[in-house]
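Visitor: I'd like to ask you about the structure that follows.
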Amino acid sequence: MRRATFRDQTVDYAAVGASQAADLLQYPPENSIPAVQRWRIGSGEERFRSASDTLLSWSVLTGAGLAVTDVRPSAGPSYTGVSFDGEGHPVAPSRHDEDQRFTPDGIAYVSAGATAHVHGRARGKKANGDYRVIFVAEEPRRTAYALGTVDATIVSGEVLFSVDWRDDDEVWFEVRAFDIPVAWSYRAWRGRVRRRRRLLNTAYLRAISPLFA
């Protein structure tokens, strides 16, 4: 059951930001099931800009069949998110509160510390939970953000979406996640967690890539 006060709560898992770890598959957070998938989705700056907007406007989720509601930017300026470089050093946020953007429907773009409710089904798999944006990165050749669960009912954990415009001009989409089973059926059969993640990731790819049929 959703808590009316979830906006005042922190995420419900300990390893905040661990979806960024280079060794996520080898050393996932305790009791979690990790997943990393990546796909080439095109090439060139225009493709990178378009895919980046799909990420930050929540369209990677809504295009997958999920509803994103009750989106609210961080209540205070002190929360800036958590992001690290390849060597594990903290990275300052690349945008600020005054840069807040909105979709044509008036929904605030993804921003560090924002909260949202995500629900519905993507490729038959149910999602229903409250999430907090852990970090947002907008760089000249990379756009990314991570969502962490707040009071999860199905699986707890974190998912990171990123779009990279590589030096060879190719554009790649990546999903990195670790899921900790919460619902009884997922705790009992952990293979269901892996299948759920694969199907969700495929739905996200369909939402962002015109090359995927």
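Visitor: What residue, among those in the range 99-117 that are in a loop (DSSP other than H, G, I, E, B) and in contact with a helix residue (DSSP H, G or I) (Cβ under 7 Å, 6 or more places away or on another chain), is surrounded by the fewest Cβ atoms within 10 Å (Cβ to Cβ)?
Guide: Tyr109
Visitor: Additional query: For the range 51-77, name all the residues that are buried (at least 17 other Cβ atoms within 10 Å of the Cβ) and in a helix (DSSP H, G or I).
Guide: Ala51, Ser52, Thr54, Leu55, Leu56, Val60, Leu61, Thr62
Results for (1) farther than 30 Å from Gly44 by Cβ; (2) of a type in the set (Gly, Ala, Ser); (3) open to solvent by less than 10 Å² (accessible area, probe 1.4 Å), shown as yes or no for each residue.
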| residue | (1), (2), (3) |
| --- | --- |
| Ala127 | yes, yes, yes |
| Thr143 | no, no, yes |
| Thr149 | yes, no, yes |
| Ser162 | no, yes, yes |
| Glu170 | no, no, no |
| Phe173 | no, no, yes |
| Arg176 | no, no, no |
| Tyr186 | yes, no, no |
| Arg190 | yes, no, no |
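The rows are residues; the columns are (1) assigned to a strand (DSSP E or B); (2) in contact with a helix residue (DSSP H, G or I) (Cβ under 6 Å, 6 or more places away or on another chain).
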{"residue": "Gly120", "(1), (2)": "yes, no"}
{"residue": "Gly129", "(1), (2)": "yes, no"}
{"residue": "Thr143", "(1), (2)": "yes, yes"}
{"residue": "Ala152", "(1), (2)": "no, no"}
{"residue": "Gly157", "(1), (2)": "yes, no"}
{"residue": "Leu160", "(1), (2)": "yes, yes"}
{"residue": "Val171", "(1), (2)": "yes, yes"}
{"residue": "Arg194", "(1), (2)": "no, no"}
{"residue": "Tyr204", "(1), (2)": "no, yes"}
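Visitor: Testing Val91 on (1) open to solvent by less than 70 Å² (accessible area, probe 1.4 Å); (2) over 15 Å from the mean Cα position of the chain (by Cα); (3) over 13 Å from Glu139 (Cβ atoms); (4) modelled with pLDDT of 50 or more, one condition comes back false. Which one is that?
Guide: Here Val91 meets the rest and fails (3).
The values are calculated or read from the model by the stated rules, or taken from the named source; none is laboratory data. The shown structure was predicted, so the numbers you read here are calculated from the model rather than taken from an experiment. Methodologically, a virtual Cβ is constructed for each residue, glycine included, from the backbone with ideal geometry; neighbour enumeration extends over all protein chains shown. With ligands, DNA and RNA removed, areas are computed over all heavy atoms of the protein, side chains included. Shrake-Rupley method; radii C 1.70, N 1.55, O 1.52, S 1.80 Å.
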